[in-house]
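Some notes on the structure that comes next.
The values are calculated or read from the model by the stated rules, or taken from the named source; none is laboratory data. Quantities reported herein were computed from a predicted structural model and do not represent experimental measurements. Cβ atoms come from the backbone with ideal geometry, glycine included; neighbour counts cover every protein chain shown. Remember, those area values only see protein heavy atoms, side chains included, never the ligands or the DNA or RNA. Shrake-Rupley method; radii C 1.70, N 1.55, O 1.52, S 1.80 Å.
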Amino acid sequence: MADPSSYRPKPGEIPDSPGVYRFRDEHRRVIYVGKAKSLRQRLANYFQDLANLHPRTRTMVTTAASVEWTVVSTEVEALQLEYSWIKEYDPRFNVKYRDDKSYPYLAVTMNEEFPRVQVMRGHKKKGVRYFGPYGHAWAIRDTVDLLLRVFPVRTCSAGVFKNAARTGRPCLLGYIGKCSAPCVGRISAEDHRELAEEFCDFMAGRTGTYLRRLERQMTEAAEEMEYERAARLRDDIGALKKAMEKNAVVLADATDADLIAVAEDELEAALQIFHVRGGRVRGQRGWVTDKVEEVTTAALVEHALQQLYGEEKGDAVPKEVLVPALPEPVEPVQEWLTGRRGSHVSLRIPQRGDKKALMETVQRNAQQALALHKTKRASDLTTRSRALEEIADALDLDSAPLRIECYDISHLQGDDVVASMVVFEDGLQRKSEYRRFQIKGFEGQDDVRSMHEVITRRFKRYLADKEKTGEWVDEDGENGLKDEDGRPKKFAYPPQLVVVDGGRPQVAAARRALDELGIDDIAVCGLAKRLEEVWLPQDDDPVVLPRTSEGLYLLQRVRDEAHRFAITYQRAKRAKRFRASPLDEVPGLGDTRKQALIKHFGSVKKLRSATIDQIQEVPGIGRKTAETIAAAFARAAPAAPAVNTATGEIIDDEEPDTTAGSSGEPVTAGAPDERRGQER
């Protein structure tokens, strides 16, 4: 625990101008980012008597070991830089809104030749139109099912689309009139895109045009005594109205606005956002955050605006944003929002009428969300703290291990030996810090040597980074947490506890690796699978934690996650090896020419049967290379069909070899796997 006076800037050293400041811990890790209209006045608030500080602010300044700042010319620039640094460094003590779910959006892939309507989650992609977010995916599917009658846009996956185009038969939706079947040429790409744009216009709230057009067409059909067509149009109108009824009008003036409400107590705050488009509520989402320091409602709103619109541009930022409290000062934030949209954005507090009534509804939702969150999270927060304290007591640590790293070795009878490193911070997974290793020092099965190699490589990188940057600051004053190419360093921060999957031999290997590197301030333990014993390097007997211990449960979670991560990587490598092509053995044959060969012949099987002259016809393939390719196929006996041992799937040579040049390996997937046979 540091004394803030030890790193307090000298009087007059801090400029009295707008800027952004960063607090760093002893490892030069950024733990807090803030902005200020006057850096001098703002930073002075942190260096007062600790007894006068908010408890969490006190924790932050005593965890920090240094403070630095960057001067900017305007408050808008400070706002932009603060958002960029929070996104880059993910500081531990900053306000971070979180939620336990990923909200689904209705997405229209306008970046494809034949746009597709589908449910999407996660990061937004360029060229895709999004509507929502919605509370439930089924709500999107119900709406789409109604609208496809009028706007029969493609909804199928790429595989289904290609298969229909190959067979010349559309899917069921094409037969029942809920898809215009562009896969079989019933509609041109231009007409289908126009249909998708009309779908987007309707979802954006421009509903009156289409309703009036359909009503006019229905009347004309009835006058011409085309009663079947008139009845079909009548049903289309009914479907559109039913879809519209799912989102009742809440603002009569067809306003496009986002309404933000906050419910808070001393420790946490819940945020609710209603997205209103065309006067109707088109989406809703909610977040919860810990109040890391003494922060006002206005500051919570400002952080929410940064997170909501920091990556958005154009119409994704509404013309009007209604909030319960205005940031102080409000002008830079409003100017920043206007810049994101490209036109004026009104940021204000609703005072009367429909907008105030709707804001009260949003506020009630926020209060309910906070109450529900506290009910669900109270035991979880308490349990995590108790688990870390139990681990510290059992292992005789000086303090609770806030960062835990766990390592596991995985292989199949000595082949494809890999290792995993998973990270838990404050008892929670930190998946962005996970790392994978290939064992390079030897071949064969030896878990103890593998563990020694992995621990050595991981902490050599840590020491090299630390030595290269001195006190983690280079000659230019930049932080030492980035590689020369600008990417974050992989092993920048040391843990308080290293956990290995295994017993006494693996623990001894890990401890020996750290001792050889001169690292004596990191604790090591192992968790043996058979009896769930905790082994320490200096003890002859294991530590046996009670089966009901929260500390043991956390160690089990960490160990199981490391095993899952390792075995997922190992299976991916094994599957990739089984899909290897004889082309991989041809020296000097790169990915581009491999793909050209497969594209020319259509499959590996046809390439295998080709003559040297036929292979030479492929652009970029000379006589000598063609002879080498033919010789490689001659050495590779065709034998029985290959089997992907990860899935049990028979690999057909007739399928194009799309894996040439691919290096994608899954990082996370699935639930923890049980060991089967000799695989671990």
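A few points about this structure:
- Protection proxy ranking, peptides 214-224, 68-78, average beta carbon neighbours within 10 Å, highest first: 68-78, 214-224
- With a threshold of 25 Å on the Cα-Cα distance, the over-threshold entries among Lys37/Lys291; Lys87/Lys125; Lys35/Lys124 are Lys35/Lys124.
- For region 1-95: accessible area per residue (Å², 1.4 Å): 48 Å²
- Scalar couplings 3J(HN,Hα) for region 274-289, obtained by applying the Karplus form with A = 6.51, B = -1.76, C = 1.60 to θ = phi - 60°, are 10, 9, 9, 10, x, x, 10, 6, 9, x, 8, 8, x, 9, 10, 9 Hz; x denotes Gly and Pro.
- Overall form of region 503-631 per C-alpha gyration tensor (a/c, 1.5; a/b vs b/c): prolate
- Region 1-45 - percent relative contact order, Cα under 8 Å, separation 6 or more: 36 percent
- When each of the peptides 46-53, 295-302 is scored by how many other beta carbons lie within 10 Å of its residues on average, the order from highest to lowest is 295-302, 46-53.
- Relative contact order, percent, region 169-230 [alpha-carbon distance under 8 Å, six or more residues apart]: 15 percent
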